[in-house]
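Enquirer: Handing you a structure now.
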Amino acid sequence: MKRDQMKKFRSTVDPDAIRAGRNTDVYFLRTKTILEKKRIDKKVAAEVRSQFLPTDWDWSVFTGIEEVISLLEGIPVNLYGLNEGTIFQAGVPVLVLEGRYLDFCIHETSLLGMICQATGIATKASRLRRVAGTKTLVSFGARKMHPSITLLIDRNAYIGGFDGVSSVISAESLGIDPVGTMPHALVLLIGDTLKAAQHFHEVMPKSVGRVVLVDTFGDEKFESLRVAETLGKRLLAVRLDTPKSRRGSFLEICKEVRWELDLRGFQDVKIFATGGIDEKHIQELVEVADAFGVGSSLSNAPSVDFSFDLVEIEGKPVSKKGKWSGRKKVYRCNRCFKTVVVPSGNKTPRCPGCKGKTIPLLVQHLKNGKRVSKPKSPNQVRNFVLDQLRKLPDRHGKEEETI
C-alpha cells in the first residue's frame, strides 16, 4: 500500500455512513432496487431472536438497544424490544420491528451488528460476576480490541456487573473513575519493585489506590512483604500477574502470599489477580483473591447469533421454514423468573410453572420513528442486571414456554 493510500485508510465506518445504510450487505441494496422497480412496498413485522446461545450459555443479557434506537429514529417504524440489560433465553424475541420493508431493509446489517457483540460481552461480564460473587471485577479489555470499540467493550462490561474499567475515556463516559495499578514497564524502567512502589506513592495523589505489581523480578511472596513492610497501611493491594510459564499453581502462589501477609499483620492488604483470567480461574481463585482484572476473555466474548426474520406481511403470519410465524409477546413471571412466549393476540398468560402473574417484557421504544421510551443510565442498567442475576437459579436452563 502506498503512503498516500495509507493516509486515506480508515478502520472504522463513519456514523453518518451507518445511518445512510452504506455498510449494509449488498443483497439488501439489490432487494431494495428490485422491490422499487416492481413497485412492491408492503407493511411487515420482523422479529430478532437467537435460536441458539453460545455453548454452555443458558441465558444472556440483552444490550445494544440504545444504538438500535438511534439508528432507526426518524424512520416511520414502530420498534418494540426488551429493555437494556434484560436477561433472556434462546428462542425469545428481543426486538420486534413494524413498518414498510423498504423503509428499513438496508439497516438490518447494522442493527444486528449493534446487538450481537454487545450482548455477548455483557453476558460474559455477568457470568464472571456470578462466579466472583462480591469480589471486585475490573475490565482490562480495551487493549485486546480495536480502540474504536473501547466504549462498546467497557460499557457492556460495566452493565454486565463489572465494578470498574481501566480505560480513561470509558470511565468518563460511564461517569466513574478509571481503575488501574502499574505496568511492568514502570518497574522495569525504575529497576526495582520496591522503588517503583515508593515512587508511585510519592507522585500519585492520595485518591489513587496503592496497588503494586509484585511479579516483575522476584518472588511474589517476598516482593509483597517488602512493599507491605515499607508502605504499611497505605498499601491497598498487591497485583499478581505471574506469567503462565512460571505459575505452576496460581492458586497456591496466591495462598502463600495471603498467608505471609496475614502472618505479619497485613490482613487488610488485598490480592489483585490478573493475566488470562476467565470464569474457571475466578472460580478457583475466588477463595483467596479479592479482585480480578479481566481482559481477553471479556473482549473476546462470543457474539450472540441473532437473526432478523419477517414474521408477518400485510397482517398475515409468515416465516421461512425453521422459524415460527406471526408476531409474539414475551412475558416473565416475577416469582419464579420463567419466561413465556405467546402469539400477540393471546391474553396475558399465567406462569405455566408456579401459576403466578406475568409481566410483559417487550416495550415500545419507537412510535412512527419517534422515541417513546426513556433511556437509562449505565448505572441504572447495571443495577437492573444485578437484580436479575440474584433471581437466577444456580442452573437457569431454557425456561421459555410457548402457549
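Nothing in this text is a laboratory measurement; each read-out follows from the coordinates by a stated rule. On a predicted model such as this, the values are computed, not experimentally measured, just so you know. Positions of Cβ are generated from backbone atoms using ideal geometry, with glycine treated the same way; all protein chains shown enter the neighbour counts.
Enquirer: With Rg and the Kirkwood Rh both taken from Cα atoms, where does Rg over Rh land for the range 133-299?
Expert: Reported Rg/Rh, Kirkwood definition of Rh: 0.95.
Enquirer: While we're here: Charges only on Cβ, +1 for Lys and Arg, -1 for Asp and Glu: so what's the dipole of the chain about the Cα centre, in debye to the nearest 20?
Expert: So the magnitude is around 1660 debye.
Enquirer: What translational D, rounded to a whole number of µm²/s, comes out for the range 303-403 from Stokes-Einstein when the hydrodynamic radius is the Kirkwood one over Cα pairs, at 37 °C and 0.692 mPa s?
Expert: 205
Enquirer: Further, regarding this structure: Taking neighbour Cβ counts within 10 Å as the exposure measure, how do Ile271, Ile190, Ile34 sort from fewest upward?
Expert: Result, fewest neighbours first: Ile34, Ile190, Ile271.
Enquirer: Based on DSSP loop calls and a cut-off of at most 16 other Cβ atoms within 10 Å, the longest stretch of the chain free of exposed chymotrypsin sites (Phe, Trp or Tyr not before Pro) is what?
Expert: 53-216
Enquirer: Oh, and also: Using 0.36 nm times the number of residues separating Leu263 and Phe217, minus their current alpha carbon distance, what extension gain do you get?
Expert: 14.2 nm
Enquirer: Here is a further query. Provide, in order from the shortest bin, the percent of all Cα-Cα pairs of the range 37-104 in each 10 Å bin, continuing until the bin that contains the maximum pair distance.
Expert: For the range 37-104, the binned pair fractions read 19, 43, 27, 10, 2 percent.
Enquirer: Filter the cross-link list Lys233/Lys270; Lys323/Lys367; Lys144/Lys255; Lys42/Lys316; Lys135/Lys270; Lys255/Lys280 down to pairs whose alpha-carbon distance in this structure exceeds 20 Å.
Expert: Check vs 20 Å cut-off fails for Lys323/Lys367; Lys144/Lys255.
Enquirer: Under a plain spin-label model, where a point goes 7 Å from the Cα along Cα-to-Cβ, how far apart in nm are Thr12 and Ser173?
Expert: 0.8
Enquirer: Projected onto the charge dipole of the range 53-180 (+1 at Lys/Arg Cβ, -1 at Asp/Glu Cβ, origin at the Cα centre), which of Val94, Gln117, Met145 gives the Cα projection farthest towards the positive end?
Expert: Value: Met145.
Enquirer: Something else about it: Go ahead and collect, in residue order, the members of the range 44-66 whose backbone nitrogen is under 19 Å from a label point 7 Å along the Cα-Cβ direction of Asp25.
Expert: Output list for this probe position: 45-54.
Enquirer: Counting trypsin sites (Lys or Arg not before Pro) as exposed when in a DSSP loop with at most 10 other beta carbons within 10 Å, what is the longest stretch of the chain free of them?
Expert: 40-205
Enquirer: Please report Thr150, Thr134, Thr12, Thr123 as a ranked list, fewest other C-beta atoms within 10 angstrom at the top and most at the bottom.
Expert: Neighbour counts put them in this order, fewest first: Thr134, Thr12, Thr150, Thr123.
Enquirer: Can you quote the Å³ per residue value for the convex hull of the Cα atoms in the chain, rounded to an integer?
Expert: Taking only Cα atoms, the chain has a hull volume of 182 Å³ per residue.
Enquirer: Here's a follow-up. Starting from the Cα of His184, move 7 Å in the Cα-to-Cβ direction to define the label point; list residues of the range 260-281 whose amide nitrogen is under 17 Å from there.
Expert: Zone members listed by number: 273-277.
Enquirer: Using the Kyte-Doolittle scale, which helices in the chain average at least -1.0 and also have C-alpha atoms spread 24 Å or more along the helix axis, with helices defined as whole DSSP H runs?
Expert: 108-132
Enquirer: Taking the convex hull of the Cα atoms, report for the range 9-64 its projected area averaged over all directions, in nm².
Expert: Convex hull of Cα atoms, orientation-averaged projection: 7.1 nm².
Enquirer: Now, a different point. Tell me, what is the FRET efficiency for Gln364 and Arg130 to the nearest 0.05, using R0 = 35 angstrom and their Cβ-Cβ distance as r?
Expert: So the FRET efficiency works out to roughly 0.70.
Enquirer: If you take every DSSP beta bridge whose two residues both sit in the chain, what share of them, in percent to the nearest 5, is antiparallel?
Expert: 65
Enquirer: So which aspartates and glutamates can Lys376 reach, going by Cα to Cα under 19 Å and dropping same-chain residues fewer than 8 places off?
Expert: List returned: Glu66, Glu67, Glu73, Glu84, Asp154, Asp163, Glu172, Asp387.
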